[in-house]
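Working notes, structure below.
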Amino acid sequence: MMRLLGLAVLVAWAIPVMIPQRAVGQGSGNSLTERQRLVKQAQEAFDREMAREKAGDCRGVSTTREVLECLEKEGNTSEANYKAFTGALRKMLASYGDDASGSQELVQEFDAIEGAWRGYKKQMCMAAYDLNKGGTIAPVNEGTCHQTLLRGHMRELRDVYDHLWIQ
């Protein structure tokens with residue numbers, strides 16, 4: 001079962017590389033090395049966060065206070081990885097294709113998506129908190145919600161904009 005899952009993941013990541021895509025950053029004055037730097041920055045931030053998720057948050061803590069302190073620290077690190085990832089992605093969109101106005105439209109669209117997602121995350125995590133409002137677990141639910149949604153959104157963005165990674 002695990003081998004099949006691993007093969008499916010490998011195929012899912014390899015397929016976009018085999019599909020021809022529009023050139024990115026050509027004709028816009030951006031060098032290929034700048035684009036490669038942005039791809040590397042985005043991929044490294046993504047990989048760091050996915051590795052952190054796999055390792056697990058807040059292992060070895062036992063009290064609610066320790067969990068809350070840990071979730072705050074973990075959340076700050078996740079947010080830094082997210083900002084590095086989305087910042088590089090936004091810059092890649094700004095230099096996408098040959099049409100500067102089209103690139104600007106993509107950036108505006110991206111900014112609108114990010115604003116809407118932040119509102120969704122805020123509401124969803126407020127709901128997670130409210131499930132146990134008044135209890136000590138409520139802020140733990142909220143912190144866990146933020147981590148879960150942020151990492152899921154990074155995966156969504158990586159999947160939606162996967163063609164930007166093709167070198």
Task: 3J(HN,Hα) from dihedral phi, the range 68-76, Karplus parametrisation 6.51/-1.76/1.60, rounded to Hz, x for glycine, proline - done: 5, 5, 5, 4, 5, 5, 4, x, 5
Open item on the list: Suppose the chain between ASP162 and ARG65 were pulled fully straight at 0.36 nm per residue; how much longer would it get relative to their current alpha carbon spacing?
Closed with: 31.0 nm
Open item on the list: Placing +1 on the Cβ of each Lys and Arg and -1 on the Cβ of each Asp and Glu in the range 32-111, which of THR33, SER103, MET92 has its Cα farthest towards the positive end of the resulting dipole?
Closed with: THR33
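Would you mind working out the magnitude of the charge dipole of the range 52-153 relative to its Cα centre, with +1 at each Lys and Arg C-beta and -1 at each Asp and Glu C-beta, to the nearest 20 Debye?
Magnitude of the dipole: close to 360 debye.
First select every other residue whose beta carbon is under 12 angstrom from the beta carbon of ARG37; then total the charges, Lys and Arg +1, Asp and Glu -1.
Values: positive: ARG35, LYS40, LYS91; negative: GLU34, GLU44.
Counting the neighbours of ARG37, the net charge comes to +1.
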Open item on the list: How far apart, in nanometres, would the label points at MET126 and LYS54 be if each is projected 7 angstrom from Cα along the Cα-to-Cβ direction?
Closed with: 3.6 nm
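With the contact rule set at Cα under 8 Å and sequence spacing of 6 or more, what percent relative contact order holds for the range 31-135? Walk me through the intermediate numbers first.
Details: 52 pairs, mean separation 29.1, N = 105.
Computed over the range 31-135, the figure is 28 percent.
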Open item on the list: Could you give each residue of the range 143-156 its phi-based ³J(HN,Hα) in whole Hz, using Karplus coefficients 6.51, -1.76, 1.60 with θ = phi - 60°, and x for Gly or Pro?
Closed with: x, 5, 4, 4, 4, 4, 5, 4, 5, x, 5, 4, 5, 4
Open item on the list: Cut-off under 23 Å on the C-alpha distance; same-chain residues fewer than 8 positions from LYS91 excluded. Which lysines are left, in chain and number order?
Closed with: LYS40, LYS83
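Read-outs: derived from the displayed coordinates by stated rules, not from any lab. What you see is a predicted model, and the numbers here were worked out from it, not measured in a lab. For neighbour counting, all protein chains shown are included, and Cβ atoms are generated from backbone atoms with ideal geometry for every residue, glycine included.
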